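So the structure is just underneath, and the comments pick up after that.
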Amino acid sequence: MKKLKQVFSKIYDENINKIYRFIYLKVNSQETAEDLCSETFLKGWQVFKSNKNIENPQAFLYQIARNLVIDHYREKARTQTVSPESSPIADPSADLEGAALVNLEMDAIKTALADLRNDYQEVIIWHYVNDYSVPEIAKMMGKSEGATRVQLHRALKALKDKMAVTVQTS
Amino acid sequence: MTGKNLIQQLQTLKEIKPREEWVLLTKENIFKEEPAKGIISIWLGTLKELRRSERFVFNHKPAFAFALSLLVAVGLFGFAQGSMPGDMLFSLKKITEKGQAALFVSDKNKTRYDLEMVSKRLNDIAKAAQADAGKNLGPAINEYKESASTAAKSLAKSNDLKEITAEVKKIEEQKQEIQSLGVKIDENAELDNALASVVQKEIDSFDGKQLTQESQAALEKAKIYFVNGKYSDALEKLMGMGM
């Protein structure tokens, strides 16, 4: 058990920032991101300690996070309609470091990103924000490297188009 | 906006980080062990379960009352199957037997079933004779007489020799066994008369028929058995001829 804890602790340290960022960019709320992120790791730990043969813990955690985000929006849809334009972009932190993020450009790219298709969002966050290589992303998505490259290219183009619209309207 | 600019902007999103204290607290919570259960907590848990069960039972009172009655009835009827004539539960055993006869025994098999009951009652007599003080003996003999009377009525309507021969043979053997135990049962004239009538009818059916030498010999033998009151032997001979 102690050994398992050590292994999962390492996985936690290596991935907490990336998973948090991944969730945050999808839900646009610090509070929700924290809740969903802690739930992701808690569920991950429950499965990990009972089944040690998880081949790719990183992909496994992202899968849990994705499902939780989907559940979150499903739940939210029952009470209100959510659209990236109408939902306010939350201030991720109140400290000085975080304050640097709060600027118009940042808001624009977050809004544009949130407006993309789910799979485009994910591939962009993984590659450009969380620094995963194309083979790593391909493995996480269960696709070939070629297909992943094509998807990344299309996702970036779609984001560029969204940004162009955002800049024009602002 | 160029692709390069876009990627630069995207990379600024790396600045998004969770709060440090939250990261530490979450990690601590994930690995927090479940508190070990002490005796008190186990006891409280059991009490809680009991209360929940009690509430469940209370909320489904009619269903539980019905299920309980059914359980008691099934238990009683099951227990009664081992009872002897003269025991309190014997009447339940009889109800079960009558129920079975009404539900599962066809008219065709009725005679055989009634003879089986006679055999059972003879078995009870044998058991009662062997048991201490034989307190069940009297009631067992009465039950035998009653069952023999019922079987006699069925026999009067029966034409199926094949169905009854084996049972009649068994009954005669049981009677001999009981006599060897020193118990005297008054012969049930009703059953004997019915059996005699069945055998007589069967013997008469061969009158005027052309028989082989072998069959004729068997018929003569059957007649002798019949005159001596050995009805099962007579029936066996007649059965052999019919085959």
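Laboratory data are not the source of any read-out in this text; all were calculated from the coordinates shown. Fair warning: this is a prediction, and the values are worked out from it, not measured in the lab. We place every Cβ from the backbone using ideal geometry, glycine too, and count neighbours over all the protein chains shown.
Things worth noting here:
- Listed residues B:Phe90, B:Ala156, B:Ala128: farthest to the positive end of the dipole of chain B (Cβ charges): B:Phe90
- Ordering A:Leu113, A:Tyr132, A:Gln151 by Cα displacement along the dipole of segment A:106-151 toward the positive end leaves A:Gln151 in first place; charges were set at the Cβ atoms of Lys, Arg (+1) and Asp, Glu (-1).
- Using only alpha-carbon positions in segment B:100-242, the gyration tensor eigenvalues give semi-axes of 30, 18, 11 Å once each is multiplied by 5 and square-rooted (largest first).
- Förster-model FRET efficiency, 51 Å R0, B:Ile224 and B:Phe79, C-beta, rounded to 0.05: 0.60
- Per-residue HN-Hα couplings for segment A:118-124 [Karplus 6.51, -1.76, 1.60; θ = phi - 60°; Hz; x = Gly/Pro]: 3, 5, 5, 3, 5, 5, 5
- Looking at segment B:64-134, the trypsin sites (Lys or Arg not before Pro) that sit in a DSSP loop and have at most 12 other Cβ atoms within 10 Å of their own Cβ are B:Lys108.
- Members of B:Lys145/B:Lys230; A:Lys2/A:Lys76; B:Lys98/B:Lys170; A:Lys18/A:Lys162; B:Lys175/B:Lys237 lying beyond 28 Å, as alpha-carbon distances in this model show: A:Lys2/A:Lys76
- Alpha carbon centroid spacing (whole Å) that separates segment B:178-242 from segment A:135-155: 97 Å
- Taken as entire DSSP H runs, the helices of chain B that both span 20 Å or more between Cα atoms along their own long axis and average -0.5 or more on the Kyte-Doolittle scale are B:39-59, B:61-80, B:90-104, B:137-157, B:189-204, B:213-227.
- Kirkwood Rh and Cα Rg combined as Rg over Rh, evaluated for chain B: 1.55
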